[in-house]
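Working notes for the structure below.
The values are calculated or read from the model by the stated rules, or taken from the named source; none is laboratory data. Owing to the predicted nature of the structure, the values given are computational and were not obtained by experimental measurement. All Cβ positions, even for glycine, are placed from backbone atoms using ideal geometry, and neighbour counts span all protein chains on display. To get the accessible areas, we keep the full protein, side chains included, count just its heavy atoms, and leave off ligands, DNA and RNA. Shrake-Rupley method; radii C 1.70, N 1.55, O 1.52, S 1.80 Å.
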Amino acid sequence: METETLPEITEDTKERVENAFEKNWNVIVWNDPVNLMNYVVFVFMKVLAFPKEKATKHMLEVHHQGKSCVATETREKAELYHQQLQGFGLNVTIERAES
């Protein structure tokens, strides 16, 4: 019976695994001339599980400032939010958060 040799876990490997779970991706929703304000509030409540007050705050930020960072998550979760928000017709991007 042969013994199986596991690959060596280097510091680089450890760092990559730890980085995969860091919440270092911002989900940015941008203003657009198409979606109504109450619809954007509805989408934030549905996709991001925001209470109405928080959803309204972010919608107003999008409306007045042109964009709002609605979440900072792991890359996987940020990509999921990106896909879901786009599915509702919102203009959304993700970007690496500044350290």
Applying the selection to the range 30-58, what residues are in a loop (DSSP other than H, G, I, E, B) and either hydroxyl-bearing (S, T, Y) or touching a helix residue (DSSP H, G or I) at 6+ places or on another chain (Cβ under 7 Å) (or both)?
-> N31, F50
Only one residue in E61, E98 is without any contact (Cβ under 8 Å) to a residue 24 or more places away in the chain, acidic (D, E) and not in a helix (DSSP H, G or I). Which one?
-> E98
Subset of the range 18-29 (residues that are part of a strand (DSSP E or B) and either open to solvent by less than 20 Å² (accessible area, probe 1.4 Å) or among the aliphatic types (A, V, I, L, M) (or both)) = V27, I28, V29
Residues that are within 11 Å of W30 (Cβ to Cβ) and of a type in the set (G, A, S), drawn from the range 55-92 = G66, S68
Can you tell me how many residues in the range 30-72 are among the aliphatic types (A, V, I, L, M) and open to solvent by less than 40 Å² (accessible area, probe 1.4 Å)?
-> 10
